[in-house]
Structure formats: structure tokens, C-alpha cells
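Take a look at the structure set out below.
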Amino acid sequence: MGNKFKSYIRVYSSADTRKIFEKNEMEANRLSGFVLLACSVILVVSWVLNSFGIFTVDKARMNYLAIQGLIELMIPLALFFVYNKKNRGWLKYVMLISLLLVCTRLFSVLNHNVILIMTLPILLSSRYFSRGLTVIISALSMISLLVASVATVFWGIIDLNFYPNPPEGTSLVIHNTLRESLTALGADTSAVMGRVLFHGFLPRLLVFLLIAMISVLISKHGFNMVIEQEKVSSASAKVKLELDAARQIQTGVVPSLFPAFPDRHDFELYASMKTAKQVGGDFYDFFFVDDDHLAIVIADVSDKGVPAALFMMAAKILISDRALMGGTPSEILSFVNKRICESNDAEMFVTVWLGIIDLKTGKAIASNAGHEFPVFRRNGGDFEVLHDDHSFVVGGMKHTRYKDYEFTLKKGDSLFLYTDGVPEANNKEHMLFSTEKMVEALNREPNASPDKLIDNVFSELDAFVQGFEQTDDITMLGFTYIGSDE
């Protein structure tokens, strides 16, 4: 029986939910402490005003009430300052019951003026989100209300709302007790007390009951809300962990160590990818088809987030596996396109630029499947956009035919590849960064190494967007052909 009672009045319903409510209980204790402090100040002010005759409570009685009330308020306040940060479960009971005792004593004297003060303990108890605690405090408050109303008869201020209008010229003499005052007025004591009961106490009791019922419902709703929020928070944390794991996997499948081929001195290569979400749909790749041929890929999936990341990984694996089997870029993309279209229920697609460079001769064969135009620079010149022939995206139509085109790199020539997140980056005025600004950033230091070129573009991008939220993945790849000394 004792365990059931403890289970009913405690703030949490099980050991699993204890930590959820610890912070809330500390905040509720802080609110209760603030109310106790405010009541102490009000009590002191009332005491001072009564001593100057502004209030009509007997001074001796008010002195007793004020001193005892302050003691009852100061003890829980002192305990609050000492123990609130230590999660003492008993602290809330001490503060609420102390407040209830003070309110009861005050209501015994000022019955017809301070009905709302009796609801303070109930309202505060609902802030702990414990229905049981709120019910217990409400029941105690009901008892206190009854006791205070009865006590008013003996030492409370007379409430003339329930006394008939006296004849003109009648002198009203207020005595120490309500009964004495009524007797002095020559009133029918029983009749007046009946009016007090039916027109004063019972309406207040109904209002009190209504407030108590609302407080119980609020505490129950608050408890359920906190539990639901905890479930959502736990689910969000789990999703975040899964997204972090997905990000690590995605980062792992995209080359990220530079220099990528430290034993090769016939080219320089650097790439960077900045996703708009935790995982993205852009990707780049570079790998040797054989000792003399380097394949370079940059691509952009039509969607964002986890679906795009999964699609990106599938496309990347298909491209690299098929490229290692040999063939031109158009043949590789045709194969990948057919495979993706056979099981593309999500109806996603990917734009791809794929080039294979002969590192001995500098001859390159490339195919563009709906991707951004590459930017090309001859040694000693500036970067310029290369308007190559576009084919349709990969994953759009099963029987799409892709076209190859050729170009030759000479010593010192550079190639810059990117996704549409670069030229379409927005600033606060919703203006686009544009391909022109990107090329201008490249031409600030056209002879720079690939990593420096990409840093320059990122620097211009950051200055342009001015902290505006990134809405698309940003991926860049720079390649400089050095050639063989043979």
C-alpha cells in the first residue's frame, strides 16, 4: 500500500523516466521558490501597512500571523537554496505544504479578499507534471479552505456583503470576531451565517474545484507531453546517430586523402565536397583504369539527403566497376544508365561528367550526361568555360545514347569540374553566385595549385552568401596536367 501511494504521488512513473523529469523538477522548484519569496515580500508589506492602520486586522493578531508566516516561508526557502541543485525529491513537498499553511492562515483573516491565494499551491503542484501530487495538494487545499472559512467566524474580518443594508444613522461597530460584530449590529446570526455558507463559501468552493480539476488535467497533459517529447528526442538522437554513420560511410567511399597518389608526379589533383545536409547527393571519384589512364568523375543526384546518398553510392559503384572493365566514357555511362533504369522505382537521376585521361599523351576522352560545363585553362592563359556536348541524364531513359568528345591537355593545362551548387548558391537577396563569378574566382590566381583554386572559389562563395543557409551540395574538383619527363 505504501509503495502504491509513493508511486502515485511521485513526479515520474518509473525509474526509466526519472532523468527525464529531474530538470523539470528543478525548474518547478525554482518557480515555487520564487512564489514563496514573493509571498514573503507581500506578507512583510501587509504587516507594515497594517501597522499604519491601512488594514484593519487586529495588530496583535497580525504580528502573530506575520511572524509565524515568515518563519514558515523562510524555512523552505532556505532549504531550496541549499538543496535545489541536488535533486532532493522531498523539497517540493516542503515548499508546497509550507505555502499551503501560510495561505490557510492568511485566508482565515482575509476570507472575502484573498480566495485566489488558496489556489497557489494547486497551480504550482501542476507544474511538476504529477497528477497524483496535484490531487493530493488539491485535497489538502480543500480541507484548508474549509478550515479557513470556519476560522474566519472567530477571528476574520467581517464581510458586509452578507449583512442587510442597515438603516440610516446606524453606527457599525467592528469587534474582534465576526460573531461579535454581527451581534453588535443586531443581526440574525443564523441567517447571516447561512448567507455566508450558500452565497459565499459554496461558490468559492465550486470555483476552487474547477481550478483543481483543470490543474489535475494540466499536470497529466504535461506529463504525457514530456514523455512524448522524450520519445521524439530519443528518436531524433537515434536518427542523428544513423545520419552521422551514413555521413561517415559516404565520406569513406569518396576519396578524401590528398595527395591521392603521392608516387605520381605527372599530375596534381584535389577535390572537396560540402553537403547541404548531413549526407548529400553529390560525389566525385578518380581512379586508375590502368597504369597510364586516369578516370575522373563528378556527379550530382537529383535529390538531397539520405535517398540521394544511397542513390549516389549505387551510381558511384556502378561507374567505377564498369570503367575498370574498359571502354569509352559513353559506353560506361550507357551501361550504368541501363542498370539504374531497370530498378529506379524512386525515379531519381544523376548528372555525370566522366573523363578518361591518358597521362602519357595528355589526350582525354569525356562524356557529359547533363552535367555542368567543365572549365578549362591552357598554360599561361585564363580559365574559360568549355561548352561541351550534353547528353541526357543517367537514370532518365533506359535507351539514352551518350556521346564522347576529345581534347588534349598540355603541360601546365588545368581542368576544373563542379556541381550546380557552386553557381546556384544564394545570398540573402536570393541572387545567384553564377558561373561568371566562379570563373572570376578561378582567375584570381590561375596558376595556383588545384587545392588553392578550390580555396579561392570557396572564399568568394562565403563572401557572397554572407552566412545564408546552404540549400544545395557544393562539390569541386581541380586537375592540373604536368606530364611525363620522358
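What to note about this one:
- Residue within region 431-440 that is over 31 Å from the mean Cα position of the chain (by Cα), part of a loop (DSSP other than H, G, I, E, B) and β-branched (Val, Ile, Thr) present: no
- Residue satisfying condition, being open to solvent by 20 Å² or more (accessible area, probe 1.4 Å), at pLDDT below 75 and either in a helix (DSSP H, G or I) or of a type in the set (Lys, Arg) (or both), within set Lys85, Lys6: Lys6
- Number of residues in region 402-445 that are touching a Gly at 6+ places or on another chain (Cβ under 6 Å) and within 16 Å of Val385 (Cβ to Cβ): the value is 1.
- For the criterion of being β-branched (Val, Ile, Thr), open to solvent by less than 90 Å² (accessible area, probe 1.4 Å) and at pLDDT 80 or above, Val45 passes.
- Search result, residues across region 339-362 that are within 44 Å of the chain's Cα centre (by Cα) and of a type in the set (A, V, I, L, M): Ile340, Ala346, Met348, Val350, Val352, Leu354
- Just one of the listed residues (Ser219, Ser320, Ser234) is outside any loop (DSSP other than H, G, I, E, B) and modelled with pLDDT under 85, and it is Ser234.
- Within region 355-374, one or more residues are of a type outside the set (A, V, I, L, M, F, W, C), buried (at least 16 other Cβ atoms within 10 Å of the Cβ), in contact with a Pro (Cβ under 7 Å, 6 or more places away or on another chain) and without any contact (Cβ under 8 Å) to a residue 60 or more places away in the chain.
- Criterion applied to Ile71, Ile97 was being outside any loop (DSSP other than H, G, I, E, B) and farther than 30 Å from Leu206 by Cβ, and the one residue passing it is Ile71.
- All positions within region 441-475 that are under 21 Å from Glu372 (Cα atoms), in contact with a strand residue (DSSP E or B) (Cβ under 8 Å, 6 or more places away or on another chain) and assigned to a loop (DSSP other than H, G, I, E, B): Asn443, Pro446, Gln470, Thr471, Asp473
- Meets criteria (of a type in the set (Val, Ile, Thr) and open to solvent by less than 30 Å² (accessible area, probe 1.4 Å)) for Thr480: yes
- Close Cβ contacts (under 6 Å, 6 or more residues apart or on different chains) running from residues in region 281-293 that are in contact (Cβ under 8 Å) with a residue 40 or more places away in the chain to residues that are among the hydroxyl-bearing types (Ser, Thr, Tyr) and open to solvent by less than 40 Å² (accessible area, probe 1.4 Å) comprise Asp282/Thr419; Asp282/Thr475; Tyr284/Thr475.
- Residues in region 295-316 that are in contact (Cβ under 8 Å) with a residue 12 or more places away in the chain and open to solvent by 40 Å² or more (accessible area, probe 1.4 Å): Ser302, Asp303, Lys304, Val306, Pro307, Met313, Ala314.
- Scope region 385-428; condition free of Cβ contacts under 8 Å to residues at least 60 places away in the same chain, surrounded by 14 or more Cβ atoms within 10 Å (Cβ to Cβ) and part of a strand (DSSP E or B); matching residues: Val385, His390, Tyr405, Phe407, Asn426
The values are calculated or read from the model by the stated rules, or taken from the named source; none is laboratory data. This one's a predicted model, so the numbers in the text were calculated from it and none came from an experiment. All Cβ positions, even for glycine, are placed from backbone atoms using ideal geometry, and neighbour counts span all protein chains on display. SASA here: full protein model, heavy atoms, side chains in, ligands and nucleic acids out. Shrake-Rupley method; radii C 1.70, N 1.55, O 1.52, S 1.80 Å.
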